[in-house]
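The values are calculated or read from the model by the stated rules, or taken from the named source; none is laboratory data. None of the values given here were measured: they were computed from a predicted structure. Using ideal geometry, Cβ is built from the backbone for each residue, glycine included, and neighbour counts are taken over all protein chains shown. Ligands, DNA and RNA are stripped out before the accessible areas are found, and what is left, the full protein with its side chains, is counted by its heavy atoms. Shrake-Rupley method; radii C 1.70, N 1.55, O 1.52, S 1.80 Å.
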Amino acid sequence: MTTLQTKTSDSSIKNNITLLLRKIFVFFFALSLPLFSASAADWVLAGETFTLGQKNSDSASLKKAAELLPQLILEQISLNKMRVIPDSETLDRKLNTLQTERLSLFLELEKEIKARDSLVISEKKPKSLEKKLVEANKKIAEIQEKIEENIKTTDEEIAKFEKTESERPKPESEDENRPENSDGGKEKFAENAKEFFRKMLPMRFFKRDEETKEIVSENVVLYKNDVSALFKASDDASALGKKNYAFSKEVISAKINGLLSGSIVSYGEYIGVTAEIFVYPGAKSIGTVTEVGSVTNLVPLAKRILQNMAPKIANNLPVLIKFDIDSADASKSVTNPVVTIDGVVSKDAEDVVLDSGVHMISIEAPGFESASMSYSFSGDIEFSVVAKLVPVVSGSMNIRLKKFKNGLFYANAIETSELSLENEYSTISVNGKDVLSVFEDSETKERAFVYIPFDLARDGNVLSVSAKTFDRAENIDKRRIEMYIAYSALICSLPFTFYSLGEFDSRNNAYAMNRGDYDDLLKWQKISNATQVVSFVCLGWFAVELVRYLFAANRVLPAEAKIDRKTESYHEKIEILKVKEAERKNEEDAKKAEESESEEESQSEDKEKSDTIEEKEGEENGKSIFFGENQESVQAEEQNKR
């Protein structure tokens, strides 16, 4: 089958060592996973209605474009987009949290000071006033201490960020002219070795080096998970600007991390759009894009804006994907492969640069089966996709039943092939994959499923299968009912067995103590033995029926075809069946001929009988007519005489 594999550009030795160490730590990782695992957070992106840069822009189409354009831009964002959170954005979030806490403490401090000052007027007793003032000053001191700790933490976070920024490693280009055998080269080698072994650890929480940081990624989601939902600040906050505290507070309260804003300037049928994304908290602009397009066709304009804005939203480095496309069959070569990435055909089938993240890749080539995969290209800057395409297989194979029956083989959903004395083997086309076929008996219309593995589904193979046609559902129901009957008989026999066994045991104990009758004991012994025999018989019956039921349920699985190694004996059997069939047909023809002759004889006899009957009836009719005429003449003569 077609295989797609991905690998990074590191050396094979490094990959092998890394894989080995990862396998060693996998057990500890499984144990620690519930403690340290955490799902990625969401980075909420929202848009607001664009502003019209020109005064007196009252055109309805421009107002509609200002509302529709941010929706179209947000609509183009991929659902699996990830954003790498930079240190500056993390710092802004911490500072905003500390600022919110500081403001809350300040309001609490103001409240406590006012409450303390009011004690001078409200309290009349000096001792009570002194006591309450001490408590109030204690609360005020605690709040002031918290404010000092908050300010100290804020300064520490800023200093830590500035130190990290100042100690960032310089580009390697500055060390290119350093000799390899110098001390600096040795130090660099030691640092690289340290970094290499650090990266090999499969679990980041094992690290002791605080200078190395985990890359934090968050899922980019839309505001309210709705493209049409645009953020709308209050008029007062909007008038103060994007970087004003009041505006930022409303954005943060809406749990928005990124806000898409922009302005539109129109000249005739064309508009100039300047889109900008602000990150909150901090109200920092991470990118500005200016594009021109037609006001009557906003979709291409939105796509171009997002194309330039997407890297700024993702904030991650692009990755280089190298394709190694080859044939799984060494005798065939792949020509003119077509690589499709996220539904878009790539112009280059060798090296492609993409944003890091999840991408769907499919590869097609003439004469080969297509291959596809979905992979998260992240954690490295270079990947290799190795594709072994399987050639398209075509041809046909022959298949028969071990016990011959007239019928039809249904395969590949639409293909049919007859199995009869004239057609000794059914022909099924092959495509290099498993084949699930159905055989239907032409007489009973009962069916049997047949499975042909892909390694046997080859052009020119001759297969045989032991498939019995019967109604499997009816057979399972029958076996289940018989198993239930046997089980019911076993359950019904147990009370009599236990009762008779108990009676026999009690009478046996009584007889042992010279309190029972021997004849009575002998009677219950016979009854107990008889009931036990019945129970054991029912148990054996139930076991047999259970096994038969399991076999019936197992026969639902399709029969697997095998290579036919008895073609000659099968051909001889077919010849014998042909002779028998010919004899049977001759007998039927002779029988039909005899039946037709007997029918003709019976028809001729019936005709003769009908002819004789008609002659007799004619003679009798003639005599009656003659007798009637003579009698009439005699009567006439007698009347004349009178």
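Residues that are touching a strand residue (DSSP E or B) at 6+ places or on another chain (Cβ under 8 Å), open to solvent by less than 20 Å² (accessible area, probe 1.4 Å) and in contact (Cβ under 8 Å) with a residue 60 or more places away in the chain do not occur anywhere in the range 332-349.
Screening the candidates Arg93, Arg83 for the property of being open to solvent by less than 40 Å² (accessible area, probe 1.4 Å), within 30 Å of Leu354 (Cα to Cα) and modelled with pLDDT under 90 yields one hit, Arg83. Residues in the range 452-482 that are open to solvent by 20 Å² or more (accessible area, probe 1.4 Å) and among the aliphatic types (A, V, I, L, M): Leu456, Val462, Ala473, Ile476, Ile481.
Condition first: at pLDDT 90 or above, assigned to a helix (DSSP H, G or I) and basic (Lys, Arg). Can you find one or more residues in the range 544-551 that meet it? Looking for residues that are at pLDDT 90 or above, assigned to a helix (DSSP H, G or I) and basic (Lys, Arg), one finds at least one in the range 544-551, hence yes.
Only residues that are among the acidic types (Asp, Glu) and not in a strand (DSSP E or B) were counted in the range 256-296, giving 1. So, in the range 133-161, exactly how many residues are open to solvent by less than 80 Å² (accessible area, probe 1.4 Å) and either without any contact (Cβ under 8 Å) to a residue 40 or more places away in the chain or over 18 Å from Thr100 (Cβ atoms) (or both)? Total meeting the criteria: 8.
Of the residues that make up the range 548-560, is at least one over 30 Å from Leu419 (Cα atoms) and surrounded by 13 or more Cβ atoms within 10 Å (Cβ to Cβ)? So far as the range 548-560 goes, yes, one or more of its residues are over 30 Å from Leu419 (Cα atoms) and surrounded by 13 or more Cβ atoms within 10 Å (Cβ to Cβ).
Per the listing Val265, Val319, Val292, the residue uniquely over 38 Å from the mean Cα position of the chain (by Cα), open to solvent by less than 50 Å² (accessible area, probe 1.4 Å) and aliphatic (A, V, I, L, M) is Val265. Report whether or not Asn398 is polar (S, T, N, Q) and surrounded by 15 or more Cβ atoms within 10 Å (Cβ to Cβ). Against the criterion (polar (S, T, N, Q) and surrounded by 15 or more Cβ atoms within 10 Å (Cβ to Cβ)), Asn398 qualifies. So which residues in the range 350-374 are open to solvent by less than 30 Å² (accessible area, probe 1.4 Å) and part of a loop (DSSP other than H, G, I, E, B), if there are any at all? The answer is Ser356, Ala365. Scanning for something open to solvent by 100 Å² or more (accessible area, probe 1.4 Å), outside any helix (DSSP H, G or I), modelled with pLDDT of 50 or more and farther than 30 Å from Ile256 by Cβ, does the range 206-221 turn up at least one residue? No, the range 206-221 contains no residue that is open to solvent by 100 Å² or more (accessible area, probe 1.4 Å), outside any helix (DSSP H, G or I), modelled with pLDDT of 50 or more and farther than 30 Å from Ile256 by Cβ. Please verify whether the range 508-523 includes one or more residues that are in a helix (DSSP H, G or I) and within 55 Å of the chain's Cα centre (by Cα). No, because not a single residue in the range 508-523 is in a helix (DSSP H, G or I) and within 55 Å of the chain's Cα centre (by Cα).
If the condition is being of a type in the set (A, V, I, L, M, F, W, C) and not in a strand (DSSP E or B), then the range 384-410 contributes Val390, Val392, Val393, Phe404. Here is a check on your reading of the model: is Asp183 modelled with pLDDT under 75 and either touching a Phe, Trp or Tyr at 6+ places or on another chain (Cβ under 6 Å) or of a type outside the set (Val, Ile, Thr) (or both)? For Asp183, the condition - modelled with pLDDT under 75 and either touching a Phe, Trp or Tyr at 6+ places or on another chain (Cβ under 6 Å) or of a type outside the set (Val, Ile, Thr) (or both) - is met. Looking across the range 434-451, the residues that are open to solvent by 10 Å² or more (accessible area, probe 1.4 Å) and touching a residue at least 40 places away in the same chain (Cβ under 8 Å) come down to Leu436, Phe449, Tyr451. Within the range 360-391, the set of residues being touching an Asp or Glu at 6+ places or on another chain (Cβ under 6 Å) and of a type in the set (A, V, I, L, M) comprises Met360, Val386, Val390.
Of the residues making up the range 472-488, at least one is under 30 Å from Val430 (Cβ atoms), under 43 Å from the mean Cα position of the chain (by Cα) and either in a helix (DSSP H, G or I) or modelled with pLDDT under 90 (or both). In the range 497-508, the residues that are farther than 12 Å from Lys523 by Cβ and modelled with pLDDT of 90 or more form Cβ pairs under 9 Å with partners that are assigned to a helix (DSSP H, G or I) and β-branched (Val, Ile, Thr), at six or more places apart or across chains, as follows: Thr497/Thr531; Thr497/Val534; Phe498/Thr531; Tyr499/Thr531; Leu501/Thr531.
Beta carbons closer than 9 Å, at least 6 apart along the sequence or on distinct chains, never pair a first residue in the range 533-545 that is over 15 Å from Ser488 (Cβ atoms) with a second that is open to solvent by 80 Å² or more (accessible area, probe 1.4 Å) and basic (Lys, Arg).
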